[in-house]
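Data block below; observations after.
The values are calculated or read from the model by the stated rules, or taken from the named source; none is laboratory data. Note that the coordinates shown come from a computational prediction; the quantities given were computed from them, not determined experimentally. As a convention, Cβ positions derive from the backbone with ideal geometry for all residues, glycine included, and neighbour counts pool all protein chains shown.
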Amino acid sequence: MVAVGQAAYAATGNLPGGTSIAVTISSPASNTVVPQGPVTVTGTASIGTGVAVKDTALTYVLDVSGSTAGACSNTNILACEIAAGKALNNKAAVPNTVVGTVGAAVFGSNGAPADVRPAGGEQLLTTPTTDDNGNGTRDIDEVLNSAVIGGLNEFTGRSVGSGTNFVAGINAASAVTTAQSEARKIVMFLSDGAQSNDVTGPAGAVPDDTTYYTFAVGGGASCNFGNYNASLQAIADLTGGTCTAVPDPANLPDVVPGIIASKLVNLTLSVNGGPATPITNVTPGLPQTGPAQVNYTVNTAPLTSGVHQLCVTAHGTDGGGAGQVTECTTVRVNDPPVVTIGGPYAGQEGTPVALAGQVSDPDGPSLTTNWTATALSSVDPGATCSFGNAVALNTTVTCNDDGVWTLRLSANDTLHPDVVKSTTLTLSNVAPNVTISSPANGAQVVRGTPVGVTAPFTDIATHDTHTCTVDFADGTPVVNGTVAQGAGSGTCTASHTYTGVGAHNVLVTITDDDGGKATAIVKIVSYVRAEAWSLSANGLLTVAKTPHAECPPSSNKTTASLTVPGLASVQALHAECTMDTSTGRTDASANVSSASLLGGVITLSDLETRCIANEQGLSGSSRVGTLNGQPIGTQPATVGIPGVATVHLNQSVNGPNGQYAQYAVRVVTLLGQEIVVAGCRMGF
């Protein structure tokens, strides 16, 4: 520590009044190597917290004249004087105090020094903290507390009358200060009134080592009532002190302790012996009344390469005057590294792009490097990049979204802030890939049955999001599929029910959030089930469909003849049903050469029927050669046979759910017996 000041105390870390003052530099430590630029200096400064030089003595002088019984915060002026004396003593009693001994005196018409210790005899001096009788109250406080109008009660009673005589007060104080051996003596002199005695003689005779601080207490008091030679102002002026008017006596305890207060005024910084600049970042802020400690932070102006001395000075004052103390440290300034990043770079999203950087740092010491990437433009929020090795100069970068990125290469030599160079990386979008896992290509689905499409997709850009559409290729609008996706993959699903028959090239389209598209196609064949038969009966007698051909799969069946006694005799029965698996078309047909029904009441010949399902819909046709010998043909007709039955010829029937049936002959008897000759049906 380098210490200078106006007195020797400052040189040894004490202010002229003996109060300790100190300053430290916590950082940087001496000979620290630092980067170019400003250097941050931190540390502490304190006042009144270290070992003090106890070269100050105090004497508390109270005015106990009759007028001090005036109002003062619900008590009286004397009570405020007592509180002020005790407040000053509290200030003197702090650890590391500069005060050695204290004494007291009172004055009214006359004056008297106080006996300030409980032991027998007249004892004019004690210390701010002494409690000889061990009752928990400082002895000097007991003395001050005992002050009454006209005198003192402790430790030896004093009676001084109720008038006001400043000269008597000075003489009583002098008895105390003469007994004090400290180099500096301070007298607190309180009064609420005026008097006529000339004070210049007694005050002028006060030794140079003694200073009076006088206080005019109350609204009716004044430092100078007009007769200067009899005033409190004259006492202060002649002894090197000050006079302070305190109109509100309640403020007295807050004002009086200032006569011995120490204060940390400000901190300054100088570089290389240059001009001192104030340090403003101080916590708590300055000035601070002691005892106190503060923390400070200050930045130098930018420093260039070389060795620099940094000095912090703490400036303070106490009752003895101003002083300062200084501490210094040195720093060595180092040059930063030089970075070359290369670029600009370009590539594709999701694909590694090679990077090449260079760093040089001739004066060291150690060196670390690091690549980073941040979105610059046209990059989706949340997208990221990863490096093959972020601390290597030659490495790769892979980003999960297209757009323009900012690449930064930083170098740090542990001294300077990171040296950073930047360039751009422009990445183009890569379209996703999609396949259709279900249904299989060429899958056959029954018309009216929901068919689900599942299309897995992948995207090399793991941050991209996707939508999908599905065209079911049957004239219905394109639909939006449901997308479930993670990082770089997902699935599109959709469902559809075909209402027609045919082959459909289902198209799935995946679109990423940058407009890249991928498609996949699968063929789906929708069809209806079909059947054909030559003879069937329901009612009193039941005859299963014979022969009965169904598709899919395709079938072809023939029965030479069939006789059901009392119902039918049929010759040359044939039925077949086929489906084209590539188009979904189904054909069902039945033929009968001749039939005799209901015991010969109805005779038929040359019957055939056919049902077709294709992209145009469901349709059918039939033909009857003759009915009871009469030619019929292909036109629908209904013939009644009285008392027996109704015969429907070439009948087409549409079911409630798009079903279709075609009958060459359908007979319904009066008893509800139904007979079908050459029938086919689709979509059941």
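Here are some notes:
- Matching entry among Thr424, Thr372, Thr368, Thr395 (being of a type in the set (Val, Ile, Thr) and closer than 24 Å to Thr304 by Cα): Thr368
- Verdict on Leu540 being free of Cβ contacts under 8 Å to residues at least 40 places away in the same chain, of a type outside the set (Ser, Thr, Tyr) and either in contact with an Asp or Glu (Cβ under 7 Å, 6 or more places away or on another chain) or over 27 Å from Gly584 (Cβ atoms) (or both): no
- Cβ-Cβ under 7 Å pairs, at least 6 apart or on other chains, the range 30-46 side exposed (fewer than 15 other Cβ atoms within 10 Å of the Cβ), far side of a type outside the set (Val, Ile, Thr) and not in a loop (DSSP other than H, G, I, E, B): Asn31/Arg332; Pro38/Asn299; Thr40/Asn299
- The set of residues in the range 557-574 that are small (Gly, Ala, Ser) and free of Cβ contacts under 8 Å to residues at least 60 places away in the same chain comprises Ala560, Ser561, Gly566, Ser569, Ala572.
Residues are listed down the side, and each one gets a yes or a no for (1) without any contact (Cβ under 8 Å) to a residue 12 or more places away in the chain; (2) in a loop (DSSP other than H, G, I, E, B); (3) crowded, with 24+ Cβ neighbours inside 10 Å:
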{"residue": "Asp208", "(1), (2), (3)": "no, yes, no"}
{"residue": "Gly220", "(1), (2), (3)": "no, yes, no"}
{"residue": "Ala250", "(1), (2), (3)": "no, no, no"}
{"residue": "Gly274", "(1), (2), (3)": "yes, yes, no"}
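- Here is the figure for the range 570-593: residues that are hydroxyl-bearing (Ser, Thr, Tyr) and surrounded by fewer than 17 Cβ atoms within 10 Å (Cβ to Cβ) total 3.
- Scanning the range 148-200 for residues that are among the aliphatic types (A, V, I, L, M), in contact with a helix residue (DSSP H, G or I) (Cβ under 8 Å, 6 or more places away or on another chain) and either more than 30 Å from Leu15 (Cβ to Cβ) or not assigned by TED's automatic domain parsing to the domain that holds Phe107 (or both) returns Val148, Ile149, Leu152, Val160, Val167, Ala194, Val199.
- Single residue of the range 443-466 satisfying the filter (at pLDDT below 95 and among the small types (Gly, Ala, Ser)) that is farthest from the chain's Cα centre (by Cα): Gly448
- Residue in the range 606-624 that is among the hydrophobic types (A, V, I, L, M, F, W, C), at positive phi and either touching a Leu at 6+ places or on another chain (Cβ under 9 Å) or surrounded by 15 or more Cβ atoms within 10 Å (Cβ to Cβ) (or both) present: no
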